[in-house]
1. How many angstrom lie between the C-alpha centres of the stretch 419-436 and the stretch 260-332?
2. Give me the accessible area per residue for the chain, probe 1.4 Å, as a whole number in Å².
3. Once you have a ≥ b ≥ c as the square roots of the Cα gyration tensor eigenvalues for the stretch 3-58, tell me rounded if a/c is under 1.5, and otherwise prolate or oblate according to whether a/b is larger than b/c.
4. If I model a spin label as a point 7 Å beyond the Cα along the Cα-Cβ vector, how far apart are those points for Y409 and A197 in nm?
5. Using only the alpha-carbon atoms of the stretch 347-469, report the extent along each of the three principal axes, biggest first, to the nearest angstrom.
6. Could you give the length gained by full extension between I95 and R310, i.e. 0.36 nm per residue of separation minus their alpha carbon distance, to one decimal place?
7. Write down the percent of antiparallel bridges among all DSSP beta bridges whose residues are both part of the chain, to the nearest 5.
8. Of all the stretches in the chain, which is the longest one without any exposed loop site, taking GluC sites (Glu not before Pro) in a DSSP loop (any state but H, G, I, E, B) with at most 16 other Cβ atoms within 10 Å?
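The values are calculated or read from the model by the stated rules, or taken from the named source; none is laboratory data. Everything numeric here is computed off the predicted structure, so don't read it as measured data. Every residue, glycine among them, receives a Cβ derived from its backbone with ideal geometry; neighbour counts consider all protein chains shown. For accessibility, only protein heavy atoms count, side chains too; no ligands or nucleic acids. Shrake-Rupley method; radii C 1.70, N 1.55, O 1.52, S 1.80 Å.
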Amino acid sequence: MLLLDLSVPGRRGYVLPELDVEETPIEELIPEAYLRESDLGLPELTEPEVVRYFTQLSRKNHGVDVGFYPLGSCTMKYNPRVNEDIAAMPGFSRIHPRQPESTVQGALQLMYELDGYLAEISGLAKTSLQPAAGAHGELTGLLIIKAYHEFSGEGRQRREIIIPDSAHGTNPASAQMAGFIAREISSNSRGGVDVEALREMVGPQTAGLMLTNPNTLGLFDENVETIAKIIHDAGGLLYYDGANANAIMGIVRPGDTGFDIVHFNLHKTFSTPHGGGGPGSGPIVVSEALVDFLPDPIVEYTDGKYHLVRPKHSIGPVKAFYGNFAVMVKAYAYIRHLGAAGLKRVSENAVLNANYVMNQLKQDYYLPYDRICMHEFVLSGKRQKELGATTLDIAKRLLDYGVHAPTIYFPLIVDEAIMVEPTETESKATLDAFVEAMREIAQEAKDDPEKLRSAPTRTPVVRLDETKAARNPILTRKALV
Ligand SMILES: *Cc1c(COP(=O)(O)O)cnc(C)c1O
């Protein structure tokens, strides 16, 4: 149903007061050439009709405010509303990037302190808050790796970035975009980097390695220090994909395990909703040796004032002004609210919740890497596939239970992958309800796989052409069905 179809001529959502001044004819206000010849044809409705229409539309979507959302590698946690209120405070929301520094000292202080907190969490030296997303942070970090090698005269020869086969797809894409050759390294039987294969792969052509740790299997690579040594001995740098930092805060610092550059997704770990297409932020933090290459500007504190400064060998700006400021405010409020002890508890609970759910489900679903997981874990639906219901069918059936599907068919190295990330903001009751739903679905796969193949049955739309939906979205009001 379109809004226009509900329209009834003469219905109004407002009543303006009687005109008490002389009316100016429209032709005197707008040149005739610009006047419309026919009516615009806007829908005519009362205010409650409009409110109901849009509220009903919004309820056709599943969101974290509606129910459980265990979408692995995405950290769909609950984001405290108070942080939205803080970001909307006039002192933050009404400032302009072109204001003189002396009039925005508070904003610069917030950025400077957030930079310091992220440096502390990562165990590195200095932050750029400019990148707008995780993948943008990757590109920025890789451009710094490139600048670093060029500066030491090895830019021409160091062309390769090594990336594990379990990595997020943005890693090889970013490497390619930064002008490197992406080389894939395989995983070992424990789900970590194959260290022997790595030894053979490195050489004078190695620019660096990108690692996600815990990786996308939700597993911590115990060989991380050996890996760091191999890369550093070969003259390369280590990049840490910290999009999902939910498992490590206050527990392990990437800088301490040998990484030179880290990016964080503020819109996953630090209180900005993720997935709505809204602004994000993917700050990078670098070691002391790389500070001079950071994007322009960074915030420094000298002579009792905060300043925007261009680092000496900066790769230049990667985004207009200083990045998505409102997202930084939310992250700052979140970090200040929780404090060091609170952030550590976030990670402890994220890991505990994931291990709890994993252990509840490993009887009913194949668990390819049966070891303690971090903030997420990966099951395989291959047993159910043999019974006639694929991972896609399981994901679709979960929608009927009011649960958003986990991430499926990723990471690529697990057959029929089902990647579950419960997050720390869910109660045991919610986790138990999810476990129960997954068990019932496993039973249905045995008894009646057709039930899964024809799911979902309770959602406004059923099976979409997902590729087409992503490639050719219809964003006009015609799509509002
Ligand atoms: C989400 C994610 C990214 C990319 O972040 P975007 O903000 O979507 O660009 C990169 N790596 C990992 C592991 C991720 O989960």
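1. Spelled out, the Cα-based centre of one part sits 33 Å from the other.
2. 50 Å²
3. On the way: a/c = 3.23, a/b = 1.74, b/c = 1.86.
Oblate.
4. Each label point lies 7 Å from its Cα, and together they span 2.3 nm.
5. Rounded to whole Å, the extents work out to 38, 30, 29 Å.
6. 75.2 nm
7. Working: 20 of 36 bridges.
DSSP beta bridges in the chain are roughly 55 percent antiparallel.
8. On the way: sites that count: E18, E22, E23, E37, E44, E154, E222.
By the stated rule (loop sites, at most 16 other Cβ atoms within 10 Å), 223-481.
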